[in-house]
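See structure below.
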Amino acid sequence: MVAPAQPGGSVPPQVQDALPQRWTPRLIFSLASIVLVLEMLAISYMMISMAIPAISGHYQTTQGAWLLTSFLLVGAMTAPLIGKLADMYGKRKMLLACIAVAALGSFISAIAGSFAVLIAGRALSGLLVPCLFLSYSLIRDVFPAKTIALAVSIATSGMGLIAIPAPFITGWLIDNHGFRSIFWFFVIGLVILGGMIFVSTDESTVRLRSRLDFLGALLLGGGIAGILIGISFGPTWGWKSGSTLAYLFGGIALVVAWLVTAGIVKEPLIDLKVLRRRPVILTAIAAGFIYGVSGLYTMLLPMMAMTPEIMGLGYGFGVDAEGFALFQAPIGAMTVIGGLIVGVLVGRHVKPRPLLAIGMVSAAIGCTLTAYSHDTKGMLIVFAGLVGLGMGMGYAAIPNLLIEAVPPQLQASTASIVGVFQSVFPAALPVIAFTVMNNSHIAPIPLEMTGGMAFYTDKGFQIAFLIAAAAAVAGLVAGLLLPRRIEQVAVPTSAAAGEPAMATVD
């Protein structure tokens, strides 16, 4: 039988008493190992994006987008299954398994003789995506209670710092060692970091006694895959094309089928009673919006800053990758600061709900100011810092809200659904913004003058940044709708009968 949850969501007393109640060298080493794994996740998308031209040229393909889509796709569609397995068999085991598979995928990509094999390896590397929720779920179980809020906040918001040197590292690797060096970088890094976690981090003793819902995993994973493929390639295929509609509506149909089966089977992949509770579903929605804002803003900003000023479009400074670090640095630094603020304040018993709201407000203000004033480097750097602060506070508040609402036995499986929102929203929001920009806001500049590249009007960028601001406001609304007092869901109490009984959440 599963041990009952304790007030406030802590692990059972006998487990907590066995833990050191302060920071120790081993604990710091453990947290550093986890943070570095999440840094690898953070730079994976960026480094591969920079390598796409070289990869596409080598394999003579126009399908370079699959390098990004396959990674996100596999990560999102496997997240619910991995979350359930983590609750059943151990979060550390699944974290190490995901790191190992991701390292194997990077190895396959590094030696790939064909583009198809490279994509297959890249897809396996998508198992890095679930490492995000597995990490803070594991921290919640094995770190001392007094350190959890700060550790979780550092783990989730520390991902901003690596974005500063990443372009320099990537450029050096590609220029001196070719695109394959990017994949070798991940192989070596993941093997080392997996070993560091293995020797420094304990396994959670918390288990959920349950059966695995294979049908639910197939339906939900397939549904997520269909929706993401439709969203990702809709702009290329056309929104009215048969392929786009088939993937979108097919994916939606599979998700609906999963919802039906989840209400019928005794032990579903995700308990809908938990998912429907206000603290859980609103946290998932807020998470989707803050990650969506991050994805869109960090995509728009380099495009705008790197546009040559001589184009006379009302924006652009003509900076290269090295010069863009001037804009990237405040985002990364303020993301970390925002996370530290949340970690320290939650550790002093400040609720994460108002901190999430403050983060959303900061992101909304930063996006709005960027939309209306982006012709001065100094002001743009300040506005980017506001967005970074909001991102950091949002990143850190989300897992702390889940820790408050969901017990350890259900943490990974519930967080996996939040992880799906964190993948789908960043995929969808840029599509919405660029659909608007491509329809009526392409600058009337002859393509022979731009080398075949399309440049957008100042109005187009303004609208795109306002879309990001609107998403932040939507996330703020979701945060404000969270109940002021959250009662934690109870853990299964009838494992012998095979029918877990759940308490309610306000």
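Values as computed for the structure displayed
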| item | result |
| --- | --- |
| Lone qualifier among S70, S153, S135 - being within 17 Å of the chain's Cα centre (by Cα), modelled with pLDDT under 90 and farther than 20 Å from A427 by Cβ | S153 |
| Residue match in segment 254-270 (condition: closer than 30 Å to R26 by Cα, among the charged types (D, E, K, R) and out of contact with any Cys (no Cβ under 6 Å at 6 or more places or on another chain)) | no |
| Count of residues meeting criterion [over 30 Å from T24 (Cβ atoms) and either without any contact (Cβ under 8 Å) to a residue 24 or more places away in the chain or in contact with a strand residue (DSSP E or B) (Cβ under 9 Å, 6 or more places away or on another chain) (or both)] in segment 174-201 | 4 |
| Members of segment 112-142 that are part of a loop (DSSP other than H, G, I, E, B) and crowded, with 24+ Cβ neighbours inside 10 Å | V129, P130 |
| Hits in segment 227-251 (condition: within 13 Å of V424 (Cα to Cα) and not hydroxyl-bearing (S, T, Y)) | I227, L228, I229, G230, I231, L248, G251 |
| Checklist (1) open to solvent by 30 Å² or more (accessible area, probe 1.4 Å); (2) out of contact with any Phe, Trp or Tyr (no Cβ under 9 Å at 6 or more places or on another chain); (3) closer than 17 Å to F115 by Cα applied to Q60, failing item | (2) |
| Residue within segment 261-275 that is of a type outside the set (D, E, K, R), more than 24 Å from P407 (Cβ to Cβ) and buried (at least 20 other Cβ atoms within 10 Å of the Cβ) present | no |
| Complete set of residues in segment 63-84 that are surrounded by fewer than 22 Cβ atoms within 10 Å (Cβ to Cβ), in contact with a helix residue (DSSP H, G or I) (Cβ under 6 Å, 6 or more places away or on another chain) and over 15 Å from A225 (Cα atoms) | G64 |
| Sole residue being open to solvent by 60 Å² or more (accessible area, probe 1.4 Å), touching a residue at least 12 places away in the same chain (Cβ under 8 Å) and either of a type in the set (V, I, T) or not in a helix (DSSP H, G or I) (or both), chosen from I290, I285, I252 | I252 |
| Conditions (1) farther than 30 Å from I28 by Cα; (2) in contact with a Gly (Cβ under 7 Å, 6 or more places away or on another chain); (3) not aromatic (F, W, Y); number of the one not met by S204 | (1) |
| Selection count, segment 372-387, where residues are without any contact (Cβ under 8 Å) to a residue 60 or more places away in the chain and touching a Leu at 6+ places or on another chain (Cβ under 9 Å) | 6 |
| Residue among M306, M299 that alone is over 20 Å from A363 (Cβ atoms) and at pLDDT 80 or above | M306 |
| Options A496, A472: the member that is at pLDDT 85 or above and not aromatic (F, W, Y) | A472 |
| Pairs with Cβ under 7 Å, 6+ apart, first in segment 306-326 and more than 19 Å from I463 (Cα to Cα), second surrounded by 15 or more Cβ atoms within 10 Å (Cβ to Cβ) and aromatic (F, W, Y) | E309/F317; M311/F455 |
| Test set (1) part of a helix (DSSP H, G or I); (2) modelled with pLDDT under 90 - S109 fails condition number | (2) |
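Condition check ((1) in a helix (DSSP H, G or I); (2) open to solvent by 20 Å² or more (accessible area, probe 1.4 Å)) across all residues:
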| residue | (1), (2) |
| --- | --- |
| T335 | yes, no |
| H349 | no, yes |
| L356 | yes, no |
| T368 | yes, yes |
| G385 | yes, no |
| G419 | yes, no |
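The values are calculated or read from the model by the stated rules, or taken from the named source; none is laboratory data. Quick caveat, the model's predicted, so the values are computed rather than measured. All Cβ positions, even for glycine, are placed from backbone atoms using ideal geometry, and neighbour counts span all protein chains on display. Heavy atoms of the whole protein, side chains included, go into the accessibility calculation; ligands, DNA and RNA do not. Shrake-Rupley method; radii C 1.70, N 1.55, O 1.52, S 1.80 Å.
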